[in-house]
Amino acid sequence: MAGQTIIEKIFQAHSPKGTPVTPGSIIWLDLDVRTARDFAGANVVQNYRTHYGNSPVADKDKTFFTFDLVVPPSNIPYANNQQICRIWAREQGVGVYDVDAGIGSHVAIEDGLAYPGSTFVGTDSHLNILGAVGAFGQGMGDQDIAFTFKAGKSWFEVPPTMKVIVTGQIEPPCTARDLTLAVMRRLGSNGALGRVVEFYGPAIETLNLPGRITLASQVTEMGGIIGLIPPSDEVLAYARERVEVGTEIHPYYADPDAEYVETVEVDITGLEPLIACPPSPANVVPVREVTGRRIDSVFLGSCTNGRFEDFAAVAEVVKGKRIAPGVMATAVPATREVYQQMLRSGVLETLFEAGFIVSNPGCGGCASGHLGMTGHEQVNISTSNRNYPGKQGPGDTYLASPLTAAWCALKGEITVPKA
């Protein structure tokens with residue numbers, strides 16, 4: 001019998017004993033945490049009431065709402081949706097990470113709800129970001145999540161796994177975002193379609209947690225189910241500090257004889273700063289090929305690059321300087337914890353003095369109602385993960401690293417970052 005991949009081991013540990021866990025098989029998967037966010041949360045409540053009435057959820061201690069999209073609400077529909085969720089949460093006794101908490105997937109990592117080897121579902125299409133810590137995270141529809149609230153489990157088809165080996169190392173001024181864009185350029189928008197991706201190589205092994213989050217967050221745009229990065233000692237230490245006392249962490253690593261549907265090598269030797277041009281995250285080119293185009297705005301944040309380290313890197317570039325006239329620059333920390341780090345370290349003050357508008361924690365930069373939207377003919381540099389037409393508005397959005405975004409903000413045009 002062949003060895004198992006990481007996802008097969010996680011699924012095996014969370015399914016009934018004796019369940020065959022091989023690609024293509026259907027299993028019942030026990031879920032350690034099930035969530036809904038402010039977008040779709042009210043629909044989850046409606047579906048739950050329709051199908052299960054006032055019956056209690058399977059486990060109130062494993063069920064949460066996370067408000068992170070339009071926070072605090074800037075329109076009446078979101079205000080209503082969030083309040084519907086709050087009222088139902090009180091009735092059920094389940095937890096709410098309210099409008100001040102930040103991005104749900106990031107809060108899950110910080111609060112020890114998601115950790116190596118665990119399973120986590122919700123209504124966020126980027127919950128597979130949890131692969132950064134070696135956990136299984138998955139976004140699902142309203143009715144599916146309502147069912148998980150009631151049953152504590154869901155059926156899944158075991159996906160096939162591909163292996164991506166990154167050779168070479170990241171050299172300044174490149175960052176984890178440039179590595180991620182290099183992988184995106186190689187795989188395109190469907191190179192991982194319907195698959196789990198396991199990432200390996202010396203550059204992967206040395207990525208810190210924020211870098212791993214950046215890489216894992218972009219797998220959705222590659223068509224993948226999830227990108228799993230084998231947990232490092234640093235990640236394991238972080239998780240053990242964050243989980244509830246008594247929680248056992250079981251990291252999973254692929255067997256040497258595990259079977260993969262494909263192995264792809266991405267060589268980043270000599271990598272230069274990259275940028276994803278409209279109209280797709282897969283339209284990746286070297287920054288030098290599009291230099292000189294005037295920009296109107298810069299957005300820093302999102303689940304891809306909203307960690308403290310991302311803002312600290314920008315602060316180092318802009319300290320003592322001012323962003324170019326006519327450029328609107330916004331920054332949205334991923335979580336309240338990140339916001340606090342920015343406050344205490346002086347990073348927030350540096351960004352403010354440089355001319356950035358710094359907002360409260362949340363998603364930002366992704367969809368209507370967020371900071372980072374664009375108007376007609378507006379050219380935007382963003383550290384978010386999507387630039388599909390209309391996603392951030394009718395303007396042109398380019399996806400780049402925080403360092404590239406910082407230098408563009410200073411110059412007022414697309415420019416290659418300096419080391």
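Since every read-out is calculated from the coordinates, none of them should be taken as a lab result. Keep in mind that what you see is a predicted model, and the values were worked out from it rather than measured. Ideal geometry is used to build each Cβ from the backbone, glycine not excepted, and the neighbour counts take in all protein chains shown.
A compact table of results
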quantity: Largest-first ellipsoid semi-axes for segment 24-152, taking √(5λ) over the Cα gyration tensor eigenvalues, angstrom; calculated: 21, 18, 12
quantity: Calculated log₁₀ intensity ratio I(q)/I(0) where the Debye formula runs over C-alpha points of segment 285-411, q = 0.10, 0.16, 0.23 Å⁻¹; calculated: -0.26, -0.68, -1.41
quantity: Residues Met373, Met328, Met184 arranged by fewest to most Cβ contacts within 10 Å; calculated: Met328, Met373, Met184
quantity: Residue-by-residue Karplus 3J(HN,Hα) for segment 274-288, coefficients 6.51, -1.76, 1.60, Hz, glycine and proline x; calculated: 10, 8, 9, 8, x, x, 8, x, 8, 7, 9, 9, x, 4, 4
quantity: Stretch gain in nm, segment Leu343-Lys17, where the contour uses 0.36 nm per residue and the Cα spacing is subtracted; calculated: 112.5 nm
quantity: Span from the segment 245-290 Cα centroid across to the segment 362-388 one, whole angstrom; calculated: 23
quantity: Lysine pairs within the chain, Cα separation less than 21 Å, 8 or more sequence positions apart or different chains; calculated: 12
quantity: Backbone N within segment 156-172 under 16 Å of label point (7 Å from Asp30 Cα along the Cβ vector); calculated: 156
quantity: Length-normalised contact order for segment 285-411 - Cα pairs under 8 Å, 6+ apart - percent; calculated: 33
quantity: Efficiency of FRET between Ala58 and Thr206 - r from beta-carbon atoms, R0 25 angstrom, step 0.05; calculated: 0.05
quantity: Distance in nm between pseudo-label sites at Ala2 and Asn190 (7 Å out along the Cβ direction from Cα); calculated: 2.4
quantity: 33 Å tail of the calculated P(r), the chain, as % of Cα pairs; calculated: 30
quantity: Top positive-direction residue, dipole computed over segment 24-152 with Cβ charges, set Gly53, Val71, Asn128; calculated: Gly53
quantity: Between 0 and 90°, nearest 10: helix 308-318 axis offset from the chain longest Cα axis; calculated: 0
